[in-house]
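The values are calculated or read from the model by the stated rules, or taken from the named source; none is laboratory data. Everything numeric here is computed off the predicted structure, so don't read it as measured data. Using ideal geometry, Cβ is built from the backbone for each residue, glycine included, and neighbour counts are taken over all protein chains shown. Just so you know, the surface numbers come from the protein's heavy atoms only, side chains and all, with ligands and any DNA or RNA stripped out. Shrake-Rupley method; radii C 1.70, N 1.55, O 1.52, S 1.80 Å.
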Amino acid sequence: MGLRSSIAIVGPTACGKTRRAVEVARAFNGEIISADSRQVYRSMDIGTGKDLCEYEGIPYHLIDIRDAGHKYNLHEYLHDFREAYALVESRGHMPVICGGSGMYVENALKGVYLPEVPANPSLRKKLQDKSIEELTEILRQYKKLHNTTDIDTVARAVRAVEIQEYYRSHPEEAAMVSADSARPLDCLVIGIDIPRDERRERISRRLESRLEEGMVEEVRGILDAGVNADDLIYYGLEYKYVTLYVTGELSYAEMKKQLETAIHQFAKRQMTWFRGMEKRGIHIHWLPYDMPQDLFLSEVKSLMDSIP
């Protein structure tokens, strides 16, 4: 089988990760563990690109595990990931991690443990009227800001401050978060390399397809089921802009144009994260997105056998 105990397939949106992960899982008797921060939600199918038909009978994990409206986070993901990883290994199968949520992938691969941080009502009350800029400055007093998703909304910024304040008050638990206490996975990481222009074309094409498949109707259905519009907007990208259209704040043309721009920007941020992962010590073997299946699998098998 080789020297590695798991394989991760990473890359930007629209690069074909799922198809490659399925190929690898079939070749290595594997099961797929999703590393996508939005595919965890039930009913959010078209906008998150679950494409479950692509799995072709390969078992998968961490998809459709929370109701739409829930605010899933890194702590929950790492807990669920460890459980799924152990389950796959207990069945004698190869864990195949697949996803584009860089923060989830990196922390899972590094074996990071995050203690449960309870809500701090008094601190939340103290921070409730602060602006994003003020909260960012407060957060900088605790740590260097590597992850801008901590500060992209007031709610997330308040939670980030709440977590850092907890760590400051509980140094023994904060120590468990450090790299020194982590247990990195023995994992071969494959990146799906796609040229920028081809990526942009595929993103635009896929957006058209998702709109034709009923993405607007999907969002309407979620709202009609009782999920608050602000909770859908919180998820960003498709669910933000389509919700703004459905609620009358954007025209269809505005929604489509702004969403397409946002997805292109998101893909760029994904690649920035993956390049950062490499600088932070996780080696990614980049293989062409259009590599023939037999050559792709041959290369993966060669890397599994040759890397110490």
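Among Lys130, Lys279, what's the order by accessible area (1.4 angstrom probe), most exposed first?
Final ranking, largest accessible area leading: Lys279, Lys130.
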Considering the chain as a Gaussian network with a 10 Å cut-off on Cα pairs, which listed residue, Arg156, Arg269, Arg140, attains the greatest mean-square fluctuation? Arg140
Please compare each pair in Lys71/Lys130; Lys71/Lys240; Lys143/Lys268 to a cut-off of 18 Å on the Cα-Cα distance and tell me which ones are over it. Lys71/Lys130; Lys143/Lys268
Give the aspartates and glutamates whose C-alpha is closer than 13 Å to that of Lys17, dropping any in the same chain fewer than 8 places away, or say none. Asp36, Asp51, Glu54, Asp193, Asp290
So which aspartates and glutamates can Lys125 reach, going by Cα to Cα under 12 Å and dropping same-chain residues fewer than 8 places off? Glu162
To the nearest 10 square angstrom, how much accessible area does Ile233 have with a 1.4 angstrom probe? 40 Å²
Report which label in (i) 73, 19, 15; (ii) 31, 27, 18; (iii) 47, 26, 17 holds the value of semi-axes √(5λ) of the Cα gyration tensor in Å derived from the coordinates of this structure. (ii)
Could you report the accessible area of Arg200 in Å², rounded to 10, computed with a 1.4 Å probe on the protein chains as they sit in the structure? 90 Å²
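Which is the longest run of the chain containing none of the GluC sites (Glu not before Pro) found in DSSP loop states (not H, G, I, E, B) with at most 13 other C-beta atoms within 10 Å?
Values: sites that count: Glu56, Glu116, Glu249.
In the chain, the maximal stretch lacking such sites is 117-248.
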Expected field for His93, accessible surface area in Å² at 1.4 Å probe radius, rounded to 10, holds 60 Å²
Pick from Gly281, Gly214, Gly49: which is most flexible by mean-square fluctuation in a GNM of the chain where alpha carbon atoms under 10 Å apart are linked? Gly281
1.4 Å probe accessible area per residue over the chain, in Å²: 49 Å²
Take the alpha-carbon centre of the stretch 191-226, take the same for the stretch 42-94, and report the distance between them in whole Å. 20 Å
